[in-house]
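Asker: Questions regarding the structure given below will be posed in turn.
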Amino acid sequence: MLAGHQDTDEGFGLVELIIAMFLLALITIALIPALYNGIIYSSQQATTATATRELNALVETARQTHQCGASGAPSGSLSAVSSSQTFRDGANQKFTTSGTFDCTTAPARLTLVATDVDGKQIVTINALVYLQ
């Protein structure tokens, strides 16, 4: 040994490094389910947001039509707005919109529903439409 130099066990050794890496791996593994669920939830919310936006656009189209219409009616009628239409969201997931309308009362009542490919209801919108 050198004069005046003490042999000490200070610092971060290999054992401590392995233990720190092991603890970091455990924390990472514990967070994986939360991350996975977050990604799935985000995907579902994207479909819901897109379906809501499409249904709102259909309601605005219906409010500009001013005519009830029956099957085979022109595109500017409640019948055309409530007919079945297929859309895709940003993740390329398909959903279908359809609806019902009742022109016997003033204002007319319009109900639109968006469903996914499994038939699960995503969004429902009820609206009142004033006709001439």
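Asker: Are any residues in the range 90-111 in contact with an Asp or Glu (Cβ under 9 Å, 6 or more places away or on another chain) and of a type outside the set (Gly, Ala, Ser), and if so, which ones? Spell out the reasoning first.
Answerer: Filtering the range 90-111 down to residues in contact with an Asp or Glu (Cβ under 9 Å, 6 or more places away or on another chain) leaves 93-97, 108-111.
Hits for the range 90-111 are GLN93, LYS94, PHE95, THR96, THR97, ARG109, LEU110, THR111.
Asker: Considering the range 116-132 alone, what residues qualify as being within 14 Å of PHE87 (Cα to Cα) and crowded, with 18+ Cβ neighbours inside 10 Å?
Answerer: Selection gives ILE122, VAL123.
Asker: Test GLY72 against the stated conditions and say whether it is under 18 Å from the mean Cα position of the chain (by Cα) and at pLDDT below 85.
Answerer: Numbers: under 18 Å from the mean Cα position of the chain (by Cα): no; at pLDDT below 85: yes.
No: the conditions fail for GLY72.
Asker: Additional query: Would you check which residues across the range 93-115 are among the β-branched types (Val, Ile, Thr), surrounded by 15 or more Cβ atoms within 10 Å (Cβ to Cβ) and not in a strand (DSSP E or B) and list them?
Answerer: Filtering the range 93-115 down to residues among the β-branched types (Val, Ile, Thr) leaves 96-97, 100, 104-105, 111, 113, 115.
Still in the running and surrounded by 15 or more Cβ atoms within 10 Å (Cβ to Cβ): 96-97, 113, 115.
Within the range 93-115, no residue meets the criteria.
Asker: Does ASP89 satisfy the condition of being within 26 Å of the chain's Cα centre (by Cα) and of a type in the set (D, E, K, R)? Walk me through how you get there before you give the answer.
Answerer: Values: within 26 Å of the chain's Cα centre (by Cα): yes; of a type in the set (D, E, K, R): yes.
Here the answer is yes, as ASP89 does meet what is asked.
Asker: Would the range 23-38 turn up any residue that is at pLDDT 80 or above, among the β-branched types (Val, Ile, Thr) and surrounded by 10 or more Cβ atoms within 10 Å (Cβ to Cβ)? Steps first, answer last, please.
Answerer: Keep residues of the range 23-38 that are at pLDDT 80 or above, which gives 23-38.
When the remaining residues are screened for being among the β-branched types (Val, Ile, Thr), the result is 27-29, 32.
Keeping just the survivors that are surrounded by 10 or more Cβ atoms within 10 Å (Cβ to Cβ) gives 28.
Among the residues of the range 23-38, at least one is at pLDDT 80 or above, among the β-branched types (Val, Ile, Thr) and surrounded by 10 or more Cβ atoms within 10 Å (Cβ to Cβ), which makes the answer yes.
Asker: Still on this structure, I have one more. Contact list please: Cβ distance under 8 Å, first residue in the range 87-101 and modelled with pLDDT under 85, second residue surrounded by 11 or more Cβ atoms within 10 Å (Cβ to Cβ), pairs at least six apart or on different chains.
Answerer: Taking only residues 6 or more apart or on different chains, the pairs are GLY90/ALA46; GLY90/THR50; ALA91/SER43; ALA91/ALA46; ALA91/THR47.
The values are calculated or read from the model by the stated rules, or taken from the named source; none is laboratory data. Because the structure is a prediction, the values reported are computed rather than measured. Cβ atoms come from the backbone with ideal geometry, glycine included; neighbour counts cover every protein chain shown.
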